[in-house]
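Peer 1: Structure in structure tokens, see below.
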Amino acid sequence: MISFRNIFKPTTSKNTISKASISQIVGSSPKKLYYYTKAFTHGSTNQRDSFGNSISYERLEFVGDAILSAVIAHYLFEKVLEGDEGYLTKMRSKIVSRDHLNQIGKELGLSTFLRTKIPVTQFGDNIHGNLLEALIGAVFLDKGYAASAKFIYKRVINPHVDIGLLEGKVISYKGLIIEWCQ
């Protein structure tokens, strides 16, 4: 059993956030390490920037989610020529589903870089997907859209997206029943 004192004990990462470690994950050297440090910092650290703003991955997660969605939409538009808007939307939802992003973030070992005062074991699986989105946001702000798209192709699309397999994947049984009833 975990004692109350250990719940807020700062955790230490096996790996540190360095240009070399980010280069290994992203595939290129970062220009501004600040974005990547922020992408792996949980709000529990109570760190503030020079303007007094909280340093946390949450805002980068928001940006990364939007960039990921745009890159996946572009990929599907180019790859699935016969797909209508409804089909493309469903496929994008399957690719960017929380479970799928959690799996990818876990495979990349992103939680080993997390800076937090809460033990990583206390987080659910969603931390992996959240960190992946924050990392995408950091790449976008550091290097722009083209570099973030390249990263998404390298780490998400090429190794994890198979249109044929995704077509049969059910992400919402409720939606499936409603669709069947209609």
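Peer 1: What are the residues in region 125-165 that are surrounded by 15 or more Cβ atoms within 10 Å (Cβ to Cβ) and among the small types (Gly, Ala, Ser), if any?
Peer 2: Gly129, Ala134, Gly137, Ala138, Ala147, Ser148, Ala149
Peer 1: Any idea which of (1) among the small types (Gly, Ala, Ser); (2) at pLDDT 95 or above; (3) farther than 30 Å from Lys94 by Cα is the one Ala70 doesn't satisfy?
Peer 2: That leaves (3) as the condition not met.
Peer 1: Next question, about the same structure. Using the structure shown, decide if Gln24 is touching a residue at least 24 places away in the same chain (Cβ under 8 Å), open to solvent by 30 Å² or more (accessible area, probe 1.4 Å) and out of contact with any Pro (no Cβ under 7 Å at 6 or more places or on another chain).
Peer 2: On the way: touching a residue at least 24 places away in the same chain (Cβ under 8 Å): no; open to solvent by 30 Å² or more (accessible area, probe 1.4 Å): yes; out of contact with any Pro (no Cβ under 7 Å at 6 or more places or on another chain): yes.
Here the answer is no, as Gln24 does not meet what is asked.
Peer 1: Can you pull out every residue in region 52-67 that is at pLDDT 95 or above and of a type in the set (Phe, Trp, Tyr)?
Peer 2: Going through region 52-67, the residues at pLDDT 95 or above turn out to be 60-67.
Answer for region 52-67, where residues must be at pLDDT 95 or above and of a type in the set (Phe, Trp, Tyr): just Phe62.
Peer 1: Residues of region 34-46 being touching a helix residue (DSSP H, G or I) at 6+ places or on another chain (Cβ under 9 Å) and surrounded by fewer than 16 Cβ atoms within 10 Å (Cβ to Cβ), which ones?
Peer 2: Tyr34, Gly43
Peer 1: Based on what the data block shows, is Gly83 surrounded by 13 or more Cβ atoms within 10 Å (Cβ to Cβ), outside any helix (DSSP H, G or I) and modelled with pLDDT under 95? Steps first, answer last, please.
Peer 2: Values: surrounded by 13 or more Cβ atoms within 10 Å (Cβ to Cβ): yes; outside any helix (DSSP H, G or I): yes; modelled with pLDDT under 95: yes.
So Gly83 fits the description; yes.
Peer 1: What are the residue pairs meeting all of these: first residue in region 40-61, first residue under 25 Å from Lys106 (Cβ atoms) and part of a helix (DSSP H, G or I), second residue β-branched (Val, Ile, Thr) and open to solvent by 30 Å² or more (accessible area, probe 1.4 Å), Cβ atoms under 8 Å, and 6 or more apart or on different chains?
Peer 2: These pairs meet every condition: Ser44/Ile118.
Peer 1: Something else now. Which residue pairs have Cβ atoms closer than 9 Å, lie 6 or more positions apart in sequence or on different chains, and pair a first residue in region 62-90 that is more than 21 Å from Ile104 (Cα to Cα) and among the small types (Gly, Ala, Ser) with a second residue that is open to solvent by less than 30 Å² (accessible area, probe 1.4 Å) and in a helix (DSSP H, G or I)?
Peer 2: Qualifying pairs under 9 Å: Gly83/Leu76; Gly83/Met91.
The values are calculated or read from the model by the stated rules, or taken from the named source; none is laboratory data. Source: prediction; values computed, not measured. Neighbour counts are summed over all protein chains in view; Cβ atoms, including those assigned to glycine, are modelled from backbone coordinates with ideal geometry. With ligands, DNA and RNA removed, areas are computed over all heavy atoms of the protein, side chains included. Shrake-Rupley method; radii C 1.70, N 1.55, O 1.52, S 1.80 Å.
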